[in-house]
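Some notes on the structure that comes next.
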Amino acid sequence: MKAIVCTKYGPPEVLQLKEVEKPTPKANEICIKIHATAVTASDCIVRGFKVPLGLKLPMAIAIGFRKPRRPILGMVCAGEVESAGKDVKTFQSGGQVFACDLDRFVFSMYAEYICFPADKMVAAMPANMSYEEAAAIPCGGLLALHFLKKSGIQSGQNILVFGASDAIGTSAVQLAKHFGANVTGVCSTRNLEMVKSLGADAVIDYTQEDFTQNGKRYDFILNAVGKSKAKLQCQDSLTSQGKHITVDDGTPKANLDGLIFLRELAEAGELEAVIDRSYPLEEMVEAHKYVDKGRKRGNVVIAVT
């Protein structure tokens with residue numbers, strides 16, 4: 001089968017299209033014929049080994065020193081169940097599924113096939129979505145859901161999402177609206193209308209206005225781009241019990257219930273897949289170059305088949 005192999009840590013060019021052996025499912029696994037995957041910011045961090053000096057040794061121990069121990073990257077996919085191991089009862093051949101590996105125990109989704117544990121983060125994909133749309137939902141959606149729940153979100157709260165146009169931000173805006181919050185999205189000029197179309201009650205162009213200086217107070221501020229890119233000095237913009245959470249603080253955990261919840265919202269028309277660009281598998285290097293620029297809107301997806 002075809003797969004994109006990370007030959008070493010470095011720029012996008014270290015990713016190479018190769019023929020590798022097609023995996024065979026173990027007793028508790030399903031073999032998924034992958035139709036679409038996505039290039040996440042986390043994929044690019046792993047590929048380039050882009051972590052602070054103090055985290056380089058722990059990361060190397062976790063995923064590999066000179067190159068990834070699992071050389072086929074990719075944390076999300078959507079596809080069709082080709083076969084299942086003898087102990088699998090929940091999936092059948094031909095079923096359309098989407099899967100996510102936030103814990104990085106598998107990777108391997110930049111490929112035509114993957115064998116994925118049936119009891120992990122895999123579920124029937126939204127019936128009203130294409131494979132590419134389904135691949136755009138899990139990563140940003142699960143992370144946004146984690147941080148919103150961590151904030152203790154409640155109906156009627158005033159919430160601000162900084163970086164409202166990226167994968168996590170676009171999901172956070174939509175999920176916060178589902179939970180009944182009043183949402184302000186902060187993004188660049190070109191993304192204002194897009195963020196507003198996702199349900200944001202107000203939008204702020206950060207190139208024209210500093211939200212920390214406008215005197216407004218929020219119950220929760222989510223920095224969806226990470227503190228390394230935007231160290232927000234926003235304490236004066238919080239209510240007395242307000243919370244400020246940055247997406248690169250801690251290690252988010254996801255569960256299958258969250259993935260199923262996202263599917264249900266998508267099928268109900270409350271969660272839209274935001275796709276910036278789509279590339280074929282053979283153009284993975286170009287896709288990584290684009291994501292490296294840090295300017296993508298929503299998600300960058302890869303059409304595998």
Subset tally (residues that are among the charged types (D, E, K, R), surrounded by fewer than 22 Cβ atoms within 10 Å (Cβ to Cβ) and closer than 18 Å to Leu145 by Cβ) for segment 159-213: 1
In the set Lys227, Lys196, Lys231, the lone residue that is out of contact with any Leu (no Cβ under 9 Å at 6 or more places or on another chain), of a type in the set (D, E, K, R), outside any loop (DSSP other than H, G, I, E, B) and free of Cβ contacts under 8 Å to residues at least 24 places away in the same chain is Lys196
Criterion: more than 30 Å from Val304 (Cβ to Cβ) and modelled with pLDDT of 95 or more - qualifying residue of Ile153, Ile137: Ile153
Looking at Lys67, is it of a type in the set (Lys, Arg), at pLDDT 95 or above, farther than 21 Å from Pro138 by Cβ and part of a loop (DSSP other than H, G, I, E, B)? no
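So that you can scan it fast, the table gives a plain yes or no per residue for (1) within 14 Å of Ile159 (Cα to Cα); (2) touching a Gly at 6+ places or on another chain (Cβ under 6 Å); (3) not assigned by TED's automatic domain parsing to the domain that holds Val76; (4) not aromatic (Phe, Trp, Tyr):
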position: Lys177; (1), (2), (3), (4): yes, yes, yes, yes
position: Val183; (1), (2), (3), (4): yes, no, yes, yes
position: Ser188; (1), (2), (3), (4): no, no, yes, yes
position: Ala202; (1), (2), (3), (4): yes, no, yes, yes
position: Arg217; (1), (2), (3), (4): yes, no, yes, yes
position: Gly226; (1), (2), (3), (4): no, no, yes, yes
position: Ser237; (1), (2), (3), (4): yes, no, yes, yes
position: Ala254; (1), (2), (3), (4): no, no, yes, yes
position: Arg277; (1), (2), (3), (4): no, no, no, yes
Only helices (runs of 4 or more DSSP H) wholly contained in segment 87-185 count here; list those with 2 or more residues that are touching a His at 6+ places or on another chain (Cβ under 9 Å). 131-135
Those residues of segment 70-85 that are assigned to a loop (DSSP other than H, G, I, E, B) and either touching a residue at least 60 places away in the same chain (Cβ under 8 Å) or within 30 Å of Glu264 (Cβ to Cβ) (or both) come to a total of 6
Identify the single condition in (1) surrounded by fewer than 15 Cβ atoms within 10 Å (Cβ to Cβ); (2) touching a strand residue (DSSP E or B) at 6+ places or on another chain (Cβ under 6 Å) that Ile221 does not satisfy, given that it satisfies every other one. (1)
When the residues of segment 243-295 are narrowed to those that are at pLDDT 95 or above and among the basic types (Lys, Arg), which ends up surrounded by the most Cβ atoms within 10 Å (Cβ to Cβ)? Arg263
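The values are calculated or read from the model by the stated rules, or taken from the named source; none is laboratory data. These numbers come from a predicted model, not from an experiment. A quick note on method: Cβ atoms are made from the backbone with ideal geometry, for glycine too, and the neighbour counts reach across all protein chains shown.
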